[in-house]
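Q: Got a structure for you, questions after.
Bear in mind that the values in this text are calculations on the coordinates, not laboratory data. Since the model is a prediction, treat every value here as computed from it, not as a measurement. Cβ coordinates were reconstructed from backbone atoms using ideal geometry, including for glycine residues, and neighbour counts include every protein chain displayed.
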Ligand code: 9D3
């Protein structure tokens, strides 16, 4: 692989590639790194490479002339080459992209600086724009060195006789197991006995298990792409059972006060499907109690009878998992009764979250609320409205109003039980 770096700070690259694996790889001729100073391509006597933006605004922009000339100079004749611009607006760099980049003979990497490059450079020359993550760097040089290191390690021969890049830190998509070396006891902490047993099969099993545990606790998002055995899936089930979520979230399905089609305040009737499906979603996502709020006594009596069928009557034996979900249900005649019960159990008022399909102001995003729920101490009560949505006076007293669920079309008419499932998944899943 040949890398050509275009930068206004060529000295930046004097050290990053002069140690260890990358130094060796250059000596072995497996990679070649050329650094070009963009200023060398500026024709004026001050070697100007930037200028102020057309249309005004602060900062400077890379002029197209010198940068374009530098790119053309760097292009090696006949090489399969790719021009990369490092920029905060690029796609997020990953192991997958690193593997794609190994398919080229030459990578020309432009180190972004200032407010960016003249758009015509992008249109004419740039094949791929890459960011290394959502944080602000002082320039693309840091990103370029990260990309070159990650790509080079994947080139055959670069890692020499060490482990192949496929067992590297992403072992089947799992995090690495814990490592130990001598001494056997350090500050009264002993090495796990299994590692001293010499039983390689058991050791490998232990390591896989530890990798699964680490991934479960630190990066549960990786489990989705990990290739897992049935045994490992069972281990994850056990971890979930032994480590239930610590957040305290309550859900209420509100039948009054809600709007009808004409935006008049009404009371809606219970929907059996909503009661069943939302209670099962609540059980799946670790909700503590599912309140059914209805002001009409006949309705409460009716739903109570349905619940008893599944939690005490013939339904228990017929479908015990249904019982487990419906056992979360508490019937209340008003929202304030539900709030009182939460306060009694939790010793504090819950933060009230409302959901509405209509756009509004001061709406909270799902990832923000998820973070608050998971890292916070306080209990939460999430309200779902039946009919055409929860009345304004309740909405206004809430602590958070969630943004409407946007699918990927202009249509947003979900049933309340579908909306509840989507909201619980976005807020409580990992
Ligand atoms: C002060 C300019 N900022 C205005 C909002 C935008 C900005 C432009 C250029 C912020 C930082 C930079 C320099 N960063 C990069 O060129 C860069 C980068 C990064 O900052 N984070 C993650 N990946 C990359 S790749 C290139």
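Q: Compute the acute angle (0 to 90°) between the alpha-carbon long axis of helix 230-242 and the principal axis of greatest extent of the alpha-carbon atoms of the chain; round to the nearest 10°.
A: It works out to around 60 degrees.
Q: A follow-up question, please. Would you work out if the stretch 2-152 is rounded, prolate or oblate? Take a ≥ b ≥ c from the square roots of the eigenvalues of the alpha-carbon gyration tensor; rounded if a/c is under 1.5, else prolate when a/b is larger than b/c, oblate otherwise.
A: prolate
Q: With equal scatterers on the alpha carbons only and no solvent term, can you work out the Debye log10 of I(q)/I(0) for the chain at 0.08, 0.10, 0.13, 0.14 1/Å?
A: -0.72, -0.93, -1.10, -1.17
Q: Quickly rank 209-216, 193-200, 126-133 as a protection proxy: mean count of other C-beta atoms within 10 Å, highest first.
A: In decreasing order of mean packing, 209-216, 193-200, 126-133 become 209-216, 126-133, 193-200.
Q: Quick one: check the C-alpha center-to-center distance for the stretch 251-281 versus the stretch 77-105, whole angstrom.
A: Centre-to-centre (Cα) distance: 51 Å.
Q: Rounding to the nearest 10 and keeping the result within 0 to 90°, find how far the Cα-based axis of helix 140-152 lies from the longest principal axis of the chain.
A: Approximately 90 degrees, to the nearest 10.
Q: Angle between the Cα long axis of helix 64-74 and the longest principal axis of the chain, 0 to 90 degrees, nearest 10?
A: Taking Cα atoms only, the helix is inclined about 70 degrees.
Q: Still on this structure, please answer the following. Taking the beta-carbon count within 10 Å as an exposure proxy, list 361, 123 from fewest neighbours to most. Could the numbers behind the result be given before it?
A: Values: 361 5, 123 9.
Ranking 361, 123 by Cβ neighbours within 10 Å, fewest first, gives 361, 123.
Q: How much length is gained on full extension from residue 184 to residue 336, taking 0.36 nm per residue of separation minus their Cα-Cα distance? Provide the component values of the computation, followed by the final result.
A: Details: separation 152, 0.36 × 152 = 54.72 nm, distance 5.96 nm.
Using 0.36 nm per residue and subtracting the Cα-Cα distance, I get 48.8 nm.
Q: Turning to a different aspect of this structure: Report the Cα-based extents of the stretch 317-389 along its three principal axes, largest first, to the nearest Å.
A: 47, 32, 26
Q: What order, most packed first, do the peptides 261-267, 338-344, 145-151 have when packing is the mean number of other Cβ atoms within 10 Å of each residue?
A: Details: 261-267: 11.6, 338-344: 16.3, 145-151: 20.4.
The packing order, highest mean first, is 145-151, 338-344, 261-267.
Q: Over the chain, what is the relative contact order in percent, taking alpha-carbon pairs closer than 8 angstrom and at least six residues apart? Please report the intermediate quantities before stating the final value.
A: Working: 650 pairs, mean separation 50.9, N = 430.
Relative CO of the chain lands at 12 percent.
Q: Let me check against my output: what whole-number percent is the relative contact order of the stretch 249-428, with C-alpha pairs under 8 Å and at least 6 apart?
A: After rounding, I find 30 percent.
Q: Can you pull the Kirkwood radius for the stretch 196-307, inverse mean 1/r over Cα pairs, to one decimal in Å?
A: After inverting the mean inverse Cα-Cα distance, the result is 18.1 Å.
Q: What whole-number distance in Å separates the alpha-carbon centres of the stretch 225-248 and the stretch 1-37?
A: Each part's Cα centre sits 43 Å from the other's.
Q: Which one of 152, 138, 333 has the biggest mean-square fluctuation once the chain is modelled by GNM with Cα springs under 10 Å?
A: 138
Q: With only alpha-carbon atoms counted, please give the Rg and Dmax of the stretch 251-300, in Å.
A: Values for the stretch 251-300 (Cα only, Rg and Dmax): 12.1, 36 Å.
Q: Here is a further query. Once the piece of chain linking residue 54 and residue 219 is laid out straight, how much longer is it, given 0.36 nm per residue of separation minus the C-alpha distance between them?
A: Details: separation 165, 0.36 × 165 = 59.40 nm, distance 4.44 nm.
So the chain would gain 55.0 nm between residue 54 and residue 219.
Q: Taking every DSSP beta bridge with both residues inside the chain, roughly what % is antiparallel (nearest 5)?
A: The antiparallel fraction comes to roughly 15 percent.
Q: Could I have the simple spin-label model distance between residue 94 and residue 234, label points 7 Å from Cα toward Cβ, reported in nm to one decimal?
A: If labels sit at residue 94 and residue 234, their model points lie 3.2 nm apart.
Q: If you stretched the chain out fully between residue 347 and residue 409, how much longer would it get, using 0.36 nm times the residue separation minus the C-alpha to C-alpha distance?
A: Numbers: separation 62, 0.36 × 62 = 22.32 nm, distance 4.26 nm.
Stretched fully, the residue 347-residue 409 segment lengthens by 18.1 nm.
Q: Please give the FRET efficiency for residue 284 paired with residue 375, using the beta carbon to beta carbon distance and R0 = 22 Å, rounded to the nearest 0.05.
A: The pair residue 284/residue 375 has a calculated efficiency of 0.55.
Q: Test of understanding: in a Gaussian network model of the chain with alpha carbons linked when under 10 Å, which of 394, 254, 136 would top the mean-square fluctuation ranking?
A: 136
Q: Mind jotting down the distance between the C-alpha centroids of the stretch 377-430 and the stretch 179-209, whole Å?
A: 48
Q: Using the Cα gyration tensor of the stretch 239-373, with a ≥ b ≥ c the square roots of its eigenvalues, what is the shape: rounded (a/c below 1.5), prolate (a/b larger than b/c) or oblate (neither)? Before the final figure, lay out each step's value.
A: Working: a/c = 1.72, a/b = 1.09, b/c = 1.58.
It comes out oblate by the Cα gyration axes.
Q: How big is the stretch 287-352 in terms of Cα radius of gyration and Dmax, in angstroms?
A: 13.4, 38
Q: Still on this structure: Where does each of 275-284, 320-329 land if you order them by average Cβ count within 10 Å, highest first?
A: Those peptides, ordered most packed to least, come out 275-284, 320-329.
Q: Using 10 Å bins from zero, what percent of all Cα-Cα pairs in the stretch 28-99 falls into each bin?
A: 14, 35, 35, 14, 2
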